[in-house]
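Enquirer: Please see the structure below; I have some questions.
Every number in this text was worked out from the coordinates using simple rules, so none of it is lab data. Computed from a predicted structure; not experimentally measured. Counting neighbours? That spans all protein chains shown, and the Cβs are built from the backbone with ideal geometry, glycine included.
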Amino acid sequence: MSDYHDAVVQLLDVTKGFRRDKIEIPVLTNTTLHIPRGDFVAVMGPSGSGKSTLLNLCAGLDRPTTGQVIVNGQNLGQLSEAGLSKWRSQNLGFVFQMYNLMPVLTALENVELPLLLTPLSRSERRKHAAAALRIVGLEDRADHYPRQLSGGQEQRVSIARALANDPVLLLADEPTGNLDAHSAEEVLELMQSLNEQFGTTVVMVTHDPKAARSAKRLLHLEKGTFVQADIEALEASR
Amino acid sequence: MKYLPLILRNVFRNKVRSIFTGISIAISLFPLMLLYAFLDLQDDMASSTAQYNRVAVLHEGGLAGQLPIAYVDRVRRQPGVKDAIPLSWFGGNYREEKTQFAQFATDPKVFFEIYPEYACPPDQIAAWQSDKTGCLVGSVIAENKGWKIGDKIPLQGNIYPVDLELTVRGIYDGPDTADRSWLVFHFDYFDESLKEARTPNSGNAGIIMLRTESASKMSPVMQSIESAFASSDAPVKPMTEKEFGASFLEMMGNVRGFIRMTATAIVIALICVAANTMAMAVRERTREIALFKAIGFNRNTILGMFLAESIAIGLLGGLIGGIGTKFLFSLIDLSSVDPGLGMFYVPWRTALWGVALAAAIGLFSGLIPAWRAANVSVIEGLRKVV
Ligand SMILES: Nc1ncnc2c1ncn2[C@@H]1O[C@H](COP(=O)(O)OP(=O)(O)OP(=O)(O)O)[C@@H](O)[C@H]1O
Ligand SMILES: [Mg+2]
């Protein structure tokens with residue numbers, strides 16, 4: 001299997017649980033997962049099933065109880081906290097459901113934020129950020145503050161920020177969860193085109209079957225493990 | 001440096017809170033600056049007078065004791081002494097005024113030998129020297145009282161049962177550190193008035209101020225003067241002008257220690273106020289901090305950003321309080337409160353020290369909140385609010 005070697009995300013026998021009052025609550029149990037380069041995966045599952053936990057593990061924001069997480073060839077368990085920070089800034093893009101942007105920064109400055117961690121000069125950073133804003137179609141909003149943007153526009157700025165450092169992997173946790181149908185459509189199209197044009201691997205958690213349809217593949221998370229699911233079947237079952 | 005815009009934006013995002021914190025620092029800095037300016041000025045005066053090699057000779061019993069006027073000539077003849085003058089405190093009341101200013105009976109012929117840094121036009125000096133009831137006044141006191149050459153100045157005696165009627169013959173000026181609030185007049189006029197009134201106190205030189213030929217002569221001169229008068233009716237205590245100045249401060253108790261204690265209390269209170277502001281900021285921004293970390297900012301960067309924010313708030317207060325106090329005092333005329341304060345100003349050194357102190361307050365108040373920010377858990381932070 002060629003995509004085995006070219007997997008961007010590999011979970012190897014990962015178990016993750018949370019301790020609450022001495023009781024271990026299992027979230028993921030002995031999970032193995034490969035997400036090949038260039039994939040666009042939608043992750044669905046009931047609330048509390050561990051979708052966000054999966055993203056946190058992929059981002060190195062949390063560590064598995066047992067097992068290994070390897071992203072873009074890097075075993076995350078081998079990195080220190082500072083090493084993980086640096087690694088994230090070079091490899092990952094993040095989009096969350098809401099409250100994504102720094103309210104004190106303009107759209108352009110928000111997009112520039114991850115670039116502060118690179119050795120780029122100020123003008124190069126500005127250029128990169130402007131280019132990213134152009135990709136999401138918001139170059140005319142560069143000087144607007146988040147409060148002056150609609151929810152959909154905010155989310156597109158978040159995507160621009162996520163792609164500013166040219167990430168290998170884009171992690172999105174319910175990126176359309178707070179948007180109206182039209183804005184959600186725009187955001188999804190954007191992620192699709194990023195995936196197609198730049199080959200960015202995307203893992204998107206969603207509750208919305210319609211959103212899941214823009215992905216290439218659907219994973220269903222239930223009772224601690226993944227089930228490969230069929231998008232069409234999902235549609236039909238509704 | 002590239003984080004500076006972000007930090008400044010955060011300082012001003014909650015304008016009311018930052019400004020109130022800044023202002024509370026500024027306001028508390030104000031009295032501190034005054035106290036320290038006062039001490040700094042004392043030091044400045046003391047150290048700037050050192051170059052003139054002046055020695056004050058007092059009665060062994062202190063300022064209240066009397067030195068016979070004949071001592072002036074005897075001091076003058078000591079080897080290593082350039083010249084000497086009496087400075088006899090008159091302590092009279094001017095018109096109905098309750099506050100007093102420095103009035104000394106002295107030797108007009110020698111006065112400028114002892115105080116070479118005092119500047120006065122030669123014709124005024126000559127006019128003062130040749131008029132027995134003439135007096136010389138400092139530029140600060142002259143401006144404060146509105147005196148001009150030729151004005152009559154009646155002084156009612158308090159210590160002595162005589163009234164003097166003086167005429168302004170000259171106005172002297174000098175460097176910032178020179179005392180320009182004195183009124184000096186002829187010792188002869190003073191002493192003759194006392195003799196006419198038949199008081200037993202005539203012939204009192206007060207203290208004797210002398211200048212030595214060089215700095216290295218100061219301590220031998222002080223020693224020889226002390227031993228020369230040791231067995232006389234009025235033994236003396238010579239001290240450098242600097243020590244003499246310091247002895248006035250000592251009379252007010254341990255002023256410096258007291259000022260330092262007050263300063264420490266104020267600074268600790270300010271750190272608590274500013275720390276509270278920063279703690280609130282961190283709490284409000286937990287989610288943002290989590291986002292920063294998710295993007296790849298590490299804990300040191302976050303620690304640095306919050307410390308910088310806190311220092312910036314301190315600096316804001318420092319600039320208003322420190323530089324503001326300086327300019328405020330160059331605008332208001334304190335001599336209307338007390339002529340002795342006419343020369344008061346806030347030196348740059350003190351103002352900048354205030355700014356630095358405020359920055360340090362910012363730094364210390366930010367330590368705990370910034371440390372908390374640096375340790376925000378990304379996962380917890382991101383779960384919040386959503
Ligand atoms: N830090 C934590 N401490 C304790 N329990 C946690 C923690 N994080 C997650 N959990 C638990 O782990 C389980 C999975 O949580 P997770 O947030 O991954 O769910 P999710 O699938 O993203 O849910 P949702 O769709 O509501 O976002 C839940 O039962 C949750 O309560
Ligand atoms: Mg979730």
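Enquirer: Sorting check: for A:201-209, B:236-244, which peptide has the highest mean count of neighbouring beta carbons within 10 Å, and how do the rest follow? Numbers along the way, then the final one.
Expert: On the way: A:201-209: 21.8, B:236-244: 18.9.
With the highest mean Cβ count within 10 Å placed first, the list reads A:201-209, B:236-244.
Enquirer: Which far-off residues, 5 or more places away or on another chain, put their amide H under 5 Å from the one on A:LEU221, with H placed in the peptide plane?
Expert: A:MET44, A:GLY45, A:VAL227
Enquirer: Give the calculated FRET efficiency between A:SER150 and A:THR66 to the nearest 0.05, with a Förster radius of 30 Å applied to their Cβ-Cβ distance.
Expert: With R0 = 30 Å, the Cβ-Cβ based efficiency is 0.10.
Enquirer: How far is helix B:241-251 tilted, in degrees, relative to the longest principal axis of the Cα atoms in chain B, given as a value from 0 to 90 rounded to the nearest 10?
Expert: 70 degrees
Enquirer: Turning to a different aspect of this structure: Quick one: grab the alpha carbon gyration tensor of the range B:181-266, order the square roots of its eigenvalues as a ≥ b ≥ c, and give me rounded if a/c is under 1.5, else prolate or oblate depending on whether a/b is larger than b/c.
Expert: It comes out oblate by the Cα gyration axes.
Enquirer: Starting from the eigenvalues of the Cα gyration tensor, five times each then square-rooted, give me the equivalent ellipsoid semi-axes of the protein assembly as shown, largest first, whole Å.
Expert: 85, 23, 19
Enquirer: A further question on this structure: Once you keep just the Cα pairs under 8 angstrom separated by 6 or more residues, what percentage relative contact order results for chain A? Can you show the working numbers first?
Expert: Numbers: 452 pairs, mean separation 63.5, N = 238.
That works out to 27 percent.
Enquirer: Next up: If a paramagnetic tag sat 7 Å from the Cα of B:ALA230 along the Cα-Cβ line, which residues of the range B:195-223 would have the backbone N under 12 Å from that point?
Expert: What the label zone holds, given the 12 Å backbone N cut-off, is B:223.
Enquirer: Additional query: What does the C-alpha gyration tensor say about the overall shape of the range B:66-233? Classify as rounded when a/c is under 1.5, otherwise prolate if a/b is larger than b/c, or oblate.
Expert: oblate
Enquirer: Quickly work out the B:ILE159-to-A:ASN30 label distance, labels modelled 7 Å from Cα along the C-beta direction, and quote it in nm with one decimal.
Expert: 10.3 nm
Enquirer: Rounded if a/c is under 1.5, else prolate if a/b beats b/c, else oblate: with a ≥ b ≥ c from the C-alpha gyration tensor eigenvalues square-rooted, which is the range A:88-199?
Expert: Working: a/c = 1.62, a/b = 1.22, b/c = 1.33.
Oblate, because a/c is 1.5 or more while a/b does not exceed b/c.
Enquirer: Right, next: To the nearest 0.05, how large is the calculated FRET efficiency for A:GLU185 and B:ARG9 if R₀ is 35 Å and r is the Cβ-Cβ distance?
Expert: The calculated FRET efficiency here is 0.60.
Enquirer: Round to a whole angstrom and tell me the spacing of the C-alpha centers of the range A:115-129 and the range A:169-183.
Expert: Taking the Cα centre of each part, the range A:115-129 and the range A:169-183 sit 26 Å apart.
Enquirer: Continuing with this model, one more query. Enumerate the residues in the range B:158-173 having an amide nitrogen under 15 Å from the point lying 7 Å beyond the Cα of B:ASN93 toward its Cβ.
Expert: So the set is B:158-164.
Enquirer: Short version: ³J(HN,Hα) in whole Hz for each residue of the range A:31-42, in order, from phi by Karplus 6.51 cos²θ - 1.76 cosθ + 1.60 (θ = phi - 60°), x for Gly and Pro, what are they?
Expert: Values, residue by residue: 8, 10, 8, 10, 10, x, 4, x, 7, 10, 10, 9 Hz.
Enquirer: Need one number: nm distance between label points at B:LYS152 and A:VAL227, each 7 Å from Cα along Cα→Cβ, rounded to one decimal.
Expert: Each label point is offset 7 Å from its Cα along the Cβ direction, giving 11.6 nm.
Enquirer: Expressed as a whole number of Å, what is the distance separating the alpha-carbon centroids of the range B:255-311 and the range A:21-64?
Expert: 36 Å
Enquirer: Quick one: which of B:354-365, B:321-332, B:93-104 comes out on top by average Cβ neighbours within 10 Å, and what's the full order, highest first?
Expert: Sorting B:354-365, B:321-332, B:93-104 by mean packing, highest first, produces B:354-365, B:321-332, B:93-104.
Enquirer: Check cross-link reach from B:LYS82 to the lysines: straight Cα distance under 24 Å, and skip same-chain residues fewer than eight apart.
Expert: Answer for B:LYS82, where 24 Å is the Cα cut-off: B:LYS109, B:LYS217, B:LYS237, B:LYS242, listed by chain and number.
Enquirer: Using a Förster radius of 51 Å, what is the FRET efficiency between B:TYR52 and B:VAL273 based on their Cβ-Cβ separation? Nearest 0.05, please.
Expert: My answer for the efficiency is 0.65.
Enquirer: Next up: Using the basic label-point model (7 angstrom from Cα toward the beta carbon), what is the A:LYS216 to B:ASN254 distance in nanometres?
Expert: 8.0 nm
Enquirer: Mind checking which lysines have their C-alpha under 25 Å from A:LYS210, skipping anything on the same chain fewer than 8 residues away?
Expert: Here the lysines satisfying the reach criterion relative to A:LYS210 are A:LYS51, A:LYS223.
Enquirer: Within a 10 angstrom radius of each residue's Cβ in A:103-110, how many Cβ atoms of other chains show up on average? Whole number is fine.
Expert: 3
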